[in-house]
Amino acid sequence: SQTIHQWPATLVQPVGSPLSLECTVEGTSNPNLYWYRQAAGRGLQLLFYSVGIGQISSEVPQNLSASRPQDRQFILSSKKLLLSDSGFYLCAWALGGDGFFGQGTRLTVV
Amino acid sequence: AQSVTQLGSHVSVSEGALVLLRCNYSSSVPPYLFWYVQYPNQGLQLLLKYTSAATLVKGINGFEAEFKKSETSFHLTKPSAHMSDAAEYFCAVRGGGADGLTFGKGTHLIIQP
């Protein structure tokens, strides 16, 4: 069966520090991968998606970037965090219509 | 472009009462629709999905939803609320970038004892 791992679960980072969140998927090949952000009162917003290794598309302009160095690995990064980057980040994968989510990372920028 | 509107950011019902969470969608193509539940500080768990088969979809935990094309709605219901149903519920339509999901803003379900 397919599983998705996302870490860390919680993270507190100072403004201006770098960020790296990692997501890996098991039990499937060549999935579409997604990063979502959930900010208070704003629902879930799609940030990035990837249809293959090295292929990244951004849905909204922001202080973040994403990379897909391997088929089942998706990384969300920032060089310098802003206060507005705080939120709950969710990785997801999809293949054939279903969407499966990781457990999320609660990021607090202080 | 696809969009989802969830009516009511907070819904409060008594334990044992009917749960009704409203979702309306906009889609330029026949939609695939989803309901997810999120417990505090956890990821999203799929409750049910509509993929153009039966219009009444049964999901986990006693939830079901009915697709009504004429009303562009996909409301979530449960006949009898349980305390464990207290959570955030998200309606979503497939069709974002690379078939990603476009979500509503969520409805926080509160269960009164």
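Rg to Rh ratio, the stretch A:56-110, alpha-carbon atoms and Kirkwood radius?
Radius of gyration over Kirkwood radius for the stretch A:56-110 works out to 0.98.
Given a cut-off of under 8 Å on Cα pairs at least six residues apart, what relative contact order in percent is computed for chain A?
36 percent
Which value results when the Cα radius of gyration for chain B is divided by 2.2 N^0.38 Å?
1.01
Can you give the FRET efficiency to the nearest 0.05 for A:LEU83 and A:LEU11, using r as the Cβ-Cβ distance and R₀ = 22 Å?
0.95
In the neighborhood of B:VAL37, defined by Cβ-to-Cβ distances under 9 Å, what is the net charge if each Lys or Arg adds +1 and each Asp or Glu adds -1?
Within the 9 Å Cβ shell, the charges total -2.
What are the ³J(HN,Hα) values, in whole Hz, obtained from phi via the Karplus relation 6.51 cos²θ - 1.76 cosθ + 1.60 with θ = phi - 60°, for each residue of the stretch B:73-90 in sequence order, with x given for Gly and Pro?
The phi angles translate into 10, 8, 6, 9, 9, 8, x, 9, 6, 10, 4, 6, 7, 4, 5, 9, 10, 10 Hz.
Mind giving me the FRET efficiency for B:ALA17 and B:SER52? R0 is 30 Å, r the Cβ-Cβ distance, nearest 0.05 is fine.
With R0 = 30 Å, the Cβ-Cβ based efficiency is 0.45.
Run the dipole for the stretch A:31-107 about the Cα centre, Lys and Arg Cβ at +1, Asp and Glu Cβ at -1, nothing else charged, and hand back the magnitude in debye, nearest 20.
260 debye
Can you give the average number of partner chain beta-carbon atoms within 10 Å of each beta-carbon in peptide A:101-108, as a whole number?
For peptide A:101-108, the averaged partner shielding equals 3.
Which whole number in µm²/s is D for the protein assembly as shown by Stokes-Einstein, with the Kirkwood Rh taken over Cα pairs at 25 °C and 0.890 mPa s?
After rounding, the answer is 137 µm²/s.
Which net charge results when you count Lys and Arg as +1 and Asp and Glu as -1 among the other residues whose beta-carbon is under 11 Å from that of A:SER86?
+1
Report the semi-axes of the equivalent ellipsoid for chain A in whole Å, largest first, where each axis is √(5λ) for an eigenvalue λ of the Cα gyration tensor.
With the √(5λ) rule applied to chain A, the semi-axes are 23, 14, 13 Å.
Say each of A:VAL51 and B:LEU7 gets a label point 7 Å from the Cα, pointing the same way as Cα to Cβ; how far apart are those two points in nm?
Calculated label separation equals 3.7 nm.
Just so you know, all these numbers are worked out from the coordinates, no wet-lab data involved. Note that the coordinates shown come from a computational prediction; the quantities given were computed from them, not determined experimentally. Here the Cβ is made from the backbone with ideal geometry for all residues, glycine too, and neighbour counts use every protein chain on show.
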